[in-house]
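K.L.:
Please see the structure below; I have some questions.
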Amino acid sequence: MLQAKIENFSETEIACKCCSKINVSDKGLICLQAFRYYLNNKFKKNIRLNIESACRCINHNKEEGGEKLSRHECETKKSDAFDLTSPDIDYKIRKP
Ligand SMILES: [Zn+2]
């Protein structure tokens, strides 16, 4: 079996904030890491990404006001949603 290392994110960041449950899809993880590489390449510098929320158990998802079918919810299926912020990017909403 091939081993792939997710370079910029730890289990602690991805696990549920209340119970540390972790059940995340491989595709989600690969997209997360690929997005980070994409940003690094686009801005030609190291762009840090903070995970505000990733895996959530059913209870924690409820507490956060998440939808029942939220892609964060990781008890009944693998989660593939990540709420991200970055201290290295200035956010501006494009004007129409
Ligand atoms: Zn939890």
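K.L.:
Scanning segment 12-30 for residues that are away from the ligand (no atom under 14 Å from the Cβ) and over 14 Å from Leu84 (Cβ atoms), which turns out surrounded by the most Cβ atoms within 10 Å (Cβ to Cβ)?
P.N.:
Ser25
K.L.:
Out of curiosity, is Ala54 at pLDDT 95 or above and within 16 Å of the ligand (Cβ to nearest atom)?
P.N.:
In short, yes.
K.L.:
Related question: Step by step: first the residues of segment 31-56, then only those that are surrounded by 12 or more Cβ atoms within 10 Å (Cβ to Cβ) and assigned to a loop (DSSP other than H, G, I, E, B), then the one that is nearest to the chain's Cα centre (by Cα). Which residue is that?
P.N.:
This residue is Ala54.
K.L.:
If you don't mind, another one. Could you check segment 39-84 and list, in sequence order, the residues that are more than 19 Å from Val24 (Cβ to Cβ) and touching a residue at least 24 places away in the same chain (Cβ under 8 Å)?
P.N.:
Leu39, Phe43, Lys45, Asn46, Ile47, Arg48, Glu63
The values are calculated or read from the model by the stated rules, or taken from the named source; none is laboratory data. The model shown is predicted, which means the values in this text are computed figures rather than measured ones. Please note: Cβ atoms are built from the backbone with ideal geometry, for glycine as well, and neighbour counts cover all protein chains shown.
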